[in-house]
Amino acid sequence: MVQRGDRVFGGLATGSGWFVVLLIGAIGLFLLIQAVPALLADHANFLTSREFDAGDPANLRFGILDLLLVTVEVSVFALVLAMPVGLGIALFLTQYAPRRLAKPFGYLVDLLAAVPSIIFGLWGLLVLAPVIYPVAEGLNGALGWFFLFKSYPDNVPIVRGANLFTAGIVLAVMILPIITAITREVFERTPRMQIEGALALGATRWEVIRTTVLPFGRAGYVSASMLGLGRALGETIALMIILASVAAPFRGSLFDGGATFASKIALSFAELNNALSAGAYIAAGLVLFLLTFAVNAAARAIVNRGVPKS
């Protein structure tokens, strides 16, 4: 016989789950309703235009191509930097570090998540950018023939550091606690019998990690990385401070300036005083909303592929 408490708890749990689904659906519906009038009044191609001028409601010309490219490139660059570092820290804390060192070191890494975005932005522009300028100049000099490291005279100068290169490194530091914390928790749950069995068979520490810890924690590591990517895609204040606004189109270089979806909306939304102009930025926000959904769906597919079928 089902107890009343079980029924109540089950109803609350089910209701909470449906509430989250409905809330996300309501947010998406709101964005869509607000964006449609502006999209209908747009005189440019919303998906392919690089122009974003929503100041005149009678002549809206806005497209999200540059915003999309900048958002994706700086986020992926940050993820490429953060993933191996996060993996290394998680392995060190769970497999190599003594217990008395692992806990305080883990807390120290987790504290990075408590640093406000504006502090990261100021640190990145005023402290980090001058330090990494020789690296940026060296990459530009040696690999300037490749589009990722090419500089353009009509874009932001490398010496200023107000580019995707600096922003990506700052973003990598910002998402590092998410990747490290979740990956560490997953690695710590590796079955002890598997580790001890591998050691008993004469495996080295690295062989134990390669044959037991990494296969067991691969899905969790991917999930943590995708959560970090979602965090990077939506970051606003730090990128608003670091990235320089430029009139030149984005050409894919890490030494370009520009704006992401979030930083563009934050920079301009306070100046809007009519529904159509605001709708243009809401339309950009809708694309960001859908982009995060796509990232999470891809992460879920990757994780499900890594789970062995019974």
**Asked** So, by mean Cβ neighbours within 10 angstrom, what's the order for 264-270, 282-288, 99-105 with the highest one leading?
**Response** 282-288, 264-270, 99-105
**Message:** About the Cα centre, and with charges only on the beta carbon of Lys, Arg (+1) and Asp, Glu (-1), how big is the dipole of the chain? Nearest 20 debye, please.
**Reply:** 1300
**Message:** Accessible area of the chain with a 1.4 Å probe: how many percent of it is carbon plus sulfur?
**Reply:** 69
**Message:** Applying a 10 Å radius around every beta-carbon, put 231-244, 19-32, 210-223, 47-60 in order of their mean neighbour count, most first.
**Reply:** 231-244, 210-223, 47-60, 19-32
**Request:** Output the peptides 165-175, 112-122 sorted from most to least packed, where packing is the average of other Cβ atoms within 10 Å over each peptide's residues.
**Result:** 165-175, 112-122
**Item:** Sequence-separation-based contact order of the chain, relative, with Cα cut under 8 Å and 6+ spacing, percent
**Value:** 27
**Asked** Could you give the nm distance between label points at F105 and M193, where each point is 7 Å from its Cα heading toward the beta carbon?
**Response** 3.0
**Complete:** The answer for the net charge of residues other than V213 whose Cβ lies under 15 angstrom from its Cβ, with Lys and Arg +1 and Asp and Glu -1, is +2
**Request:** Net charge near V70: determine it from the other residues with C-beta under 14 Å of the C-beta of V70, scoring Lys and Arg +1 and Asp and Glu -1.
**Result:** -1
**Complete:** Mean separation of Cα contacts under 8 Å (at least 6 apart) over the residue count of region 1-125, i.e. the relative contact order in percent, is 11
**Asked** Among residues other than T260 whose Cβ falls under 11 Å from its Cβ, what is the net charge (Lys/Arg +1, Asp/Glu -1)?
**Response** -2
**Request:** Mind giving me the nanometre distance, one decimal, between the label points for R50 and T211, set 7 Å out from Cα along Cα→Cβ?
**Result:** 5.4
**Asked** For the chain, treating each Cα as an identical point scatterer without solvent, what Debye log10 I(q)/I(0) comes out at q = 0.08 1/Å?
**Response** -0.47
**Message:** Using a 7 Å offset from the Cα along the Cα-to-Cβ direction at both V115 and A275, what is the distance between the two label points in nm, to one decimal?
**Reply:** 4.4
**Prompt:** From the Cα gyration tensor of region 170-258, with a ≥ b ≥ c the square roots of its eigenvalues, which class applies: rounded if a/c is under 1.5, or else prolate if a/b is larger than b/c, or else oblate?
**Reply:** prolate
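The values are calculated or read from the model by the stated rules, or taken from the named source; none is laboratory data. Worth saying up front: this structure is predicted, and the values here are computed from it rather than measured. Every residue, glycine among them, receives a Cβ derived from its backbone with ideal geometry; neighbour counts consider all protein chains shown. Areas reflect the complete protein model, heavy atoms only, side chains present, ligands, DNA and RNA absent. Shrake-Rupley method; radii C 1.70, N 1.55, O 1.52, S 1.80 Å.
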